[in-house]
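Take a look at the structure below.
The values are calculated or read from the model by the stated rules, or taken from the named source; none is laboratory data. On a predicted model such as this, the values are computed, not experimentally measured, just so you know. Virtual Cβ from ideal backbone geometry, glycine too; neighbours counted across all protein chains shown. These area figures cover heavy atoms from the full protein model, side chains too; ligands, DNA and RNA do not enter into them. Shrake-Rupley method; radii C 1.70, N 1.55, O 1.52, S 1.80 Å.
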There are 6 protein chains.
Amino acid sequence: MRLQLRTWPEVETYLKTSRGIIMPIGSTEQHGPNGLIGTDAICAEHIAWGVGEATGALVAPNIGVGMAAHHMEFAGTMTLRPSTLMLVIRDYVTALAEHGFQRFLFVNGHGGNIATVRAAFQEIHAELRAAWGPSAPDIRCKVISWWENESVHKLSRELFGASEGSHATPSEVSVVQYLYPGHIKTAPLDPPTAPSSMFYDARDYRRRFPDGRIGSNPGLATPEHGKRLYDAAVAALADKYCAFVNEE
Amino acid sequence: MRLQLRTWPEVETYLKTSRGIIMPIGSTEQHGPNGLIGTDAICAEHIAWGVGEATGALVAPNIGVGMAAHHMEFAGTMTLRPSTLMLVIRDYVTALAEHGFQRFLFVNGHGGNIATVRAAFQEIHAELRAAWGPSAPDIRCKVISWWENESVHKLSRELFGASEGSHATPSEVSVVQYLYPGHIKTAPLDPPTAPSSMFYDARDYRRRFPDGRIGSNPGLATPEHGKRLYDAAVAALADKYCAFVNEE
Amino acid sequence: MRLQLRTWPEVETYLKTSRGIIMPIGSTEQHGPNGLIGTDAICAEHIAWGVGEATGALVAPNIGVGMAAHHMEFAGTMTLRPSTLMLVIRDYVTALAEHGFQRFLFVNGHGGNIATVRAAFQEIHAELRAAWGPSAPDIRCKVISWWENESVHKLSRELFGASEGSHATPSEVSVVQYLYPGHIKTAPLDPPTAPSSMFYDARDYRRRFPDGRIGSNPGLATPEHGKRLYDAAVAALADKYCAFVNEE
Amino acid sequence: MRLQLRTWPEVETYLKTSRGIIMPIGSTEQHGPNGLIGTDAICAEHIAWGVGEATGALVAPNIGVGMAAHHMEFAGTMTLRPSTLMLVIRDYVTALAEHGFQRFLFVNGHGGNIATVRAAFQEIHAELRAAWGPSAPDIRCKVISWWENESVHKLSRELFGASEGSHATPSEVSVVQYLYPGHIKTAPLDPPTAPSSMFYDARDYRRRFPDGRIGSNPGLATPEHGKRLYDAAVAALADKYCAFVNEE
Amino acid sequence: MRLQLRTWPEVETYLKTSRGIIMPIGSTEQHGPNGLIGTDAICAEHIAWGVGEATGALVAPNIGVGMAAHHMEFAGTMTLRPSTLMLVIRDYVTALAEHGFQRFLFVNGHGGNIATVRAAFQEIHAELRAAWGPSAPDIRCKVISWWENESVHKLSRELFGASEGSHATPSEVSVVQYLYPGHIKTAPLDPPTAPSSMFYDARDYRRRFPDGRIGSNPGLATPEHGKRLYDAAVAALADKYCAFVNEE
Amino acid sequence: MRLQLRTWPEVETYLKTSRGIIMPIGSTEQHGPNGLIGTDAICAEHIAWGVGEATGALVAPNIGVGMAAHHMEFAGTMTLRPSTLMLVIRDYVTALAEHGFQRFLFVNGHGGNIATVRAAFQEIHAELRAAWGPSAPDIRCKVISWWENESVHKLSRELFGASEGSHATPSEVSVVQYLYPGHIKTAPLDPPTAPSSMFYDARDYRRRFPDGRIGSNPGLATPEHGKRLYDAAVAALADKYCAFVNEE
Ligand code: NI
Ligand code: NI
Ligand code: NI
Ligand code: NI
Ligand code: NI
Ligand code: NI
């Protein structure tokens, strides 16, 4: 049910019975010595596709580069400025809203996106109100990260305990290993579990987390764990999507 | 050689021997009754991956939503405003340039992107010069559409002749059929070959081209044709990439 | 220790021993039938002043209008677009950074600001890096809402229990009653404790929360409670400020 | 009659009989060796409050940081870029206009704001016209500096003669001494009356005016003079406000 | 001495002895029943050329469309938004500054431009400072309207007295008649001298000034008067230019 | 038929019978050792005037500074950033559209403008659609460079053959010599015909084309050739204008 794999008459038909759409958003940023740079983009996109399968919902194209300014001291990281990402989200949502979409569930793969995504939602509301006043379309946008639900949370704690950490986690690395089994990387992780703290800008990040990981031991990742996490995430988000589009 | 399937230390290693990267850019827009909405995004992304395989070059994440304002009267079309797309390109290029990338070959899947992409290149040069003066990095950006080469041109003429047209072409539909054989659509095409002319805005476009096609008969598309076109495009662009990064 | 009540030579002297500054940010938005429109602005500004007294830190001028687009269906609410607020924060921080300030603790009075404030911090980092590269100043920005600490949290639960709610709370109304005893308002609150849920845009907000409150009974507010909350907030934030500026 | 000290139902009531509002705008910038950095912000805000008291008009929150780029070589000065300040004014006015406010009298405390404020007014008209065409709201914006009236002008000439100067004037310093008697500063002023000329950017400003003053001797300031000037300004602006809102 | 009539080697030579340049800026807006829409653009450009001849200074291309939002209810008026005009001025000045120009005298033909032009100058200073800090180029920008000098002022009072008015004045119409004798228009002017007042937006302007003039009787214009005014303006501005570029 | 030489009532009358207007756009950039910096601006403007004469169409004021970032290493070149030029075009078109103009033929003098101009057209369509939806005005914009027609093409090939080149061409230099016979420059051209290739940014341009020319020998230019080219261009574009405004 990827939008990109439909024709325009099919979308026209879809809109007769549904106003909802799933919007994957990830990031392209370092994920430690053995995590793929596309980890967040891949998780968001594939989990969104899974939710689309499970619910019959359309899935928009992925926003594969997010807000990762704080990872920029590691080679290969890409980032949109928050102001750019806000415009991208504005354009995605308003384009789809022209066709009649009104319920946008953003399936997020990167914690660093959330502030900007939420700011973007308010920017959209403000712009539509400025242009249309009381006749602005009734747009509802919501963002949920794929791990923000009880079942994934419980599972990752069970599988990895305190070694889950918060960046380059064994959970997300597992999901990617499950999805891209041909691209499993091994690399020395020293120390096995990375240090953990908050951080400020990109230089500060690199100083605190020299190999890019925060608090995690992604050496524990396996494709099997990944499958379980993936399935749990899809199921949980499918429920959330249905609740969202049926909300009054 | 997708950037997203690498780790940051692998990218660091890559940069020791190459400063080049391939940047796919497509569009998410109506492609007539039997063409997928993702046609341009899919072509650009997969051909870029092919070029990456052929040359050993890294391939950045796809810009899957382009400038398609003129298709907005057809359900499911998405578009970035030109001003947004310019910022996206600016952010992609400058992020990668921070790591040392300096040669950016944009593999394009949508004619409607080109003006904005070229404007973006100049905006990047102007911004870098404003910030850095004579010590600005030596960035080179180039955009080539995948059909802009003698071999693809010849092949599509041979296969489809005057029915190639200029939007929702049998060539691009064939390539997508080859890449996504599970999503081949059939739909009545009336007339078989669509009318052809230039156009202005989205309403004008719809008025002139009621089913979205321009001058094309995508009913002639087959996955077999698609494979030939795909291979021809990859080979031609691989040559162009090598020439580009080796240019003085 | 308000910056505005100092002279420039005094600030020059201050900078010899400290690089820290406190940045109050509030909002000007409806706070239900008996809450002042300036509630969030007043709380943020006065608590910031208290923290300045307690720590000897300078306090910048208040950002008194924040991001309150979702309250716009109630008369008197003001809002900056997220994109505007980001520029304001950028300008505040970069102006002060030119003089040598490097540690910016935003004392926040409005939950609706947080996403935009965090996006602004990343925008600042990205802009400085674009302009200055590795020689960009070592800026650290942090935002804490005045109720985000154990002592205020405990106290408000003790004083108001489940009637605290999340907008137009008896806690914030109490603090304002303490600070502006001449402007205590009484108004019927029906039901005494307002309904609670999440919400989307301004129209949706008004539909769900007809008098503007969310989950709260601000009829329980008293100036005496306000004093206790104010003192607790100042003490907690003073500790946090000291930890922040002394962090390595 | 500060907007921030009202509730939303009170504002709703106010709008039944008036469409006018007072908008203070100042600056946070060096004011010489003995003038407070907040001089312009304090004058604008307090005089606006006085006008509100005198006329029953609502007073919006202060824009306390203005356009002071030319003072940036003095520690503690803050500034918004003109483009940012224009957006702030746009957001303030359009937010209030949504509720029905239509007459905006900006009470200004800083000469350096005026060009940007006037440009902002035209930007607002242009934006509203672009969005609404002939049905745009009938907004009127006007800016008056508090010293731009015969009575203040005469009084400051009488009190300070040629030592009034044009920045860090004894008049504005007096008003602040009257309003903040606990923050009267003394500092050597050498020469007693500062040099006077026009100027270009911040470096040029500092070169010409090493201690920040232009043409003034703020050593002549007293709180008593400040009270007289304050009262004169409030009375004059109250008249102007009434004329403004009653204009056809 | 128009820049556009020089070659690049000639400009390179010029820059060896001068850092100054004249920047004409006008407007394309209604000028009443018998005034040309290009009045302000023509006056600014031709007077700038005259000053260039008199002083040997280079003259940049005219900014022929200015900020005329308030004239938009009259057919043919064009306007840049203030925010656009600021960017245009930013680009003109920074482009020329890259080559070494540092003294920019804007010869203005339209009062409505001044606020925006001044805001633009500060924006330029702020941007350059943000990008370059203490090593920003020493740019000086100044704007003078062609009638802002004693000799033109005296002459127009002598020629037209109270019928000069403030828009579509007999002075500016005369200058244009002198410069474009083949385009002298006659039209009934009723009343001969137009009403005069201040105004707000474009609708308000049209309501107050139904034929576009403010306070003027352009029926008094003659090409002979125009020549005298033109010569006076050129002479006065030539003096001002010399003083400006020689200022320390 | 220059708009600037008309009065507003004349424009009102014009609009009763025509919705078309001609929009010249050039550039102010180096044109080699003997080409004027204003070459592109002059050609566009004068040819547009010629077309106006031939067709009775109004001609808007010239956009005399275009997108010439790649020429910035040569003294005297001016450029707008693409993002600025897009706003200028947006403001020009939307201002004129308010009066009822709907057909905008941009007569272009500089190849480097085209990408940005085309991006601007799409930006305009997108903005109008966002603001007005289905009731947006039916705007049509088209850009044609003055040499993009069979008769000019043939003539320049006949006159200059392979020495025409692509920048600082004998054709454009001839046209300017015809229009400004008092400003014909002579300068050594070494080699007579300049090298030719594509190029990237400004530094790369200067490195490849040390005197600014690309592939041309402007030493072949004569005013007589210029007259023939000018006449051919005017005739060809007059036809194109008529076809454009009469298109359904
Ligand atoms: Ni991740
Ligand atoms: Ni296509
Ligand atoms: Ni609150
Ligand atoms: Ni002041
Ligand atoms: Ni005029
Ligand atoms: Ni040219």
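Listed values, structure above:
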{"item": "For B:P134: the one exception among (1) farther than 30 Å from A:M1 by Cα; (2) modelled with pLDDT of 95 or more; (3) not small (G, A, S)", "result": "(2)"}
{"item": "Condition met for D:C141 (open to solvent by 10 Å² or more (accessible area, probe 1.4 Å), at pLDDT 95 or above, touching a Phe, Trp or Tyr at 6+ places or on another chain (Cβ under 7 Å) and not β-branched (V, I, T))", "result": "yes"}
{"item": "Conditions (1) within 26 Å of D:R6 (Cα to Cα); (2) in a loop (DSSP other than H, G, I, E, B); (3) open to solvent by 60 Å² or more (accessible area, probe 1.4 Å); number of the one not met by C:E248", "result": "(1)"}
{"item": "Residues located in the stretch F:100-116, provided they are surrounded by 24 or more Cβ atoms within 10 Å (Cβ to Cβ) and at the interface with chain B (Cβ under 8 Å from one of its Cβ atoms)", "result": "F:T116"}
{"item": "Selection within the stretch B:203-245 - under 28 Å from A:P9 (Cα atoms), part of a helix (DSSP H, G or I) and aromatic (F, W, Y)", "result": "B:Y205, B:Y230"}
{"item": "Residue match in the stretch C:167-175 (condition: more than 16 Å from ligand 2 (Cβ to nearest atom), at pLDDT 95 or above and within 30 Å of A:G133 (Cβ to Cβ))", "result": "yes"}
{"item": "Among (1) in contact with a strand residue (DSSP E or B) (Cβ under 6 Å, 6 or more places away or on another chain); (2) farther than 23 Å from C:L229 by Cα; (3) hydrophobic (A, V, I, L, M, F, W, C), the one test that C:M23 misses", "result": "(2)"}
{"item": "Residues (surrounded by 19 or more Cβ atoms within 10 Å (Cβ to Cβ) and not polar (S, T, N, Q)) located in the stretch C:205-217", "result": "C:Y205, C:F209, C:D211, C:G212, C:R213, C:I214"}
{"item": "Subset of the stretch E:30-71 that is within 14 Å of ligand 5 (Cβ to nearest atom) and among the acidic types (D, E) - its residue that is nearest to E:R213 (Cα to Cα)", "result": "E:D40"}
{"item": "Single condition E:W49 does not satisfy, out of (1) more than 13 Å from the chain's Cα centre (by Cα); (2) farther than 22 Å from F:E10 by Cβ; (3) open to solvent by 10 Å² or more (accessible area, probe 1.4 Å)", "result": "(1)"}
{"item": "Residue match in the stretch C:18-25 (condition: modelled with pLDDT under 95 and touching a helix residue (DSSP H, G or I) at 6+ places or on another chain (Cβ under 7 Å))", "result": "no"}
{"item": "Qualifying residue in the stretch C:34-44 (condition: within 16 Å of ligand 3 (Cβ to nearest atom), more than 9 Å from chain D (Cβ to nearest Cβ), hydrophobic (A, V, I, L, M, F, W, C) and open to solvent by less than 10 Å² (accessible area, probe 1.4 Å))", "result": "yes"}
{"item": "Failed criterion for E:Q122 (all others in (1) within 14 Å of chain F (Cβ to nearest Cβ); (2) assigned to a helix (DSSP H, G or I) hold)", "result": "(1)"}
{"item": "Test: residue in the stretch D:53-66 that is within 11 Å of D:G26 (Cα to Cα), acidic (D, E) and more than 7 Å from every other protein chain (Cβ to nearest Cβ)", "result": "no"}
{"item": "Odd one out for F:W147 among (1) open to solvent by 10 Å² or more (accessible area, probe 1.4 Å); (2) more than 30 Å from E:V11 (Cβ to Cβ); (3) more than 7 Å from every other protein chain (Cβ to nearest Cβ)", "result": "(2)"}
{"item": "The stretch B:95-139 - residue that is among the charged types (D, E, K, R) and free of Cβ contacts under 8 Å to residues at least 24 places away in the same chain and, of those, nearest to A:P82 (Cα to Cα)", "result": "B:E98"}
{"item": "Odd one out for D:K142 among (1) over 21 Å from the mean Cα position of the chain (by Cα); (2) within 14 Å of chain E (Cβ to nearest Cβ); (3) touching a residue at least 40 places away in the same chain (Cβ under 8 Å)", "result": "(1)"}
{"item": "Every residue from the stretch F:167-225 that is away from ligand 6 (no atom under 16 Å from the Cβ) and touching a strand residue (DSSP E or B) at 6+ places or on another chain (Cβ under 6 Å)", "result": "F:Y200"}
{"item": "Looking only at the stretch C:163-180, and only at residues there that are open to solvent by 10 Å² or more (accessible area, probe 1.4 Å) and in a helix (DSSP H, G or I), the one that is nearest to ligand 3 (Cβ to nearest atom)", "result": "C:E172"}
{"item": "Residue under evaluation D:S174, criteria (1) touching a residue at least 24 places away in the same chain (Cβ under 8 Å); (2) in contact with a Lys or Arg (Cβ under 7 Å, 6 or more places away or on another chain); (3) hydroxyl-bearing (S, T, Y), criterion not met", "result": "(2)"}
{"item": "Residue in the stretch A:69-80 that is within 13 Å of chain B (Cβ to nearest Cβ), crowded, with 24+ Cβ neighbours inside 10 Å, free of Cβ contacts under 8 Å to residues at least 60 places away in the same chain and in a helix (DSSP H, G or I) present", "result": "no"}
{"item": "Considering residues of the stretch E:10-26 that are in a loop (DSSP other than H, G, I, E, B) and within 10 Å of another protein chain (Cβ to nearest Cβ) only, the residue farthest from E:R81 (Cα to Cα)", "result": "E:L15"}
{"item": "Counted residues, the stretch A:181-203 - those being over 18 Å from B:Q4 (Cα atoms) and either buried (at least 19 other Cβ atoms within 10 Å of the Cβ) or without any contact (Cβ under 8 Å) to a residue 40 or more places away in the chain (or both)", "result": "13"}
